[in-house]
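All remarks here apply to the structure that follows.
The values are calculated or read from the model by the stated rules, or taken from the named source; none is laboratory data. What you are looking at is a predicted structure, and each value in this text was computed from that prediction instead of being measured. With ideal geometry, Cβ positions are generated from the backbone for all residues, glycine too; neighbour counts draw on all protein chains shown.
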Amino acid sequence: MIINNIEFARKALEFHDTIAVSQFLRLHDAIASDKGALNWHLLGSVDSGGKMTLQLQVQGSLELICQRCLEPFEFNLDIYSKFILVMNESDIPSEDDDSGDEDYLLADTQMQVNELIEDEILLALPLAPKHDDEDCSASDKVNALKKPSPFAVLQGLKTGKNQN
Ligand SMILES: [Zn+2]
């Protein structure tokens, strides 16, 4: 899908759709399976200060590989990003006086929505994806449960002695 992002914001357009995970080629190496689809929602608006904005939401789940046990697991995506549209690169504040969490996009009459969605997904992925501790077969906690504790072994020895 290609939009004129300035027009999208000015006219306060709104669009939502699902997209197959398999469409994201750059994501391919980061995921265990490209099955499934994600929901996305794009909303254009002009805020009270006259700034043109796009708001993007992406939701769904991806199968990632746990870096600890190398098994796949389901990672929930729930992305919300807000972008301020600017006409020129010089309108983007420099890193130094960047007041925080605002993202900027250049005015683009041919903006690829898929590309923007994929960028945001890549940013949302953990650097080292891992199961939660209790779900990971290689987690210390889970292994500790499997191994008999040294106290239980001692206890066993004691009872053994008593029985003899
Ligand atoms: Zn794991």
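For the stretch 1-31, what are the residues that are among the basic types (K, R) and either outside any loop (DSSP other than H, G, I, E, B) or in contact (Cβ under 8 Å) with a residue 40 or more places away in the chain (or both)? Within the stretch 1-31, R10, R26 qualify. For the stretch 40-70, the set of residues classified as surrounded by fewer than 16 Cβ atoms within 10 Å (Cβ to Cβ), part of a loop (DSSP other than H, G, I, E, B) and not basic (K, R) consists of D47, S48, G49, G50, Q67, L70, listed by residue number.
Contact list please: Cβ distance under 6 Å, first residue in the stretch 55-78 and at positive phi, second residue more than 10 Å from the ligand (Cβ to nearest atom), pairs at least six apart or on different chains. Qualifying pairs under 6 Å: G60/L38; G60/N39; G60/L77. Candidates in the stretch 71-91 are the residues that are assigned to a strand (DSSP E or B) and either outside the structural domain of L56 (by TED's automatic domain parsing) or among the acidic types (D, E) (or both); of these, the one that is nearest to the ligand (Cβ to nearest atom) is E74. Would a scan of the stretch 8-27 turn up a residue that is closer than 27 Å to S139 by Cα and either surrounded by 14 or more Cβ atoms within 10 Å (Cβ to Cβ) or of a type in the set (V, I, T) (or both)? Looking for residues that are closer than 27 Å to S139 by Cα and either surrounded by 14 or more Cβ atoms within 10 Å (Cβ to Cβ) or of a type in the set (V, I, T) (or both), one finds at least one in the stretch 8-27, hence yes. No other residue among M1, M52 is closer than 19 Å to L116 by Cβ and in contact with a Gly (Cβ under 8 Å, 6 or more places away or on another chain) apart from M52.
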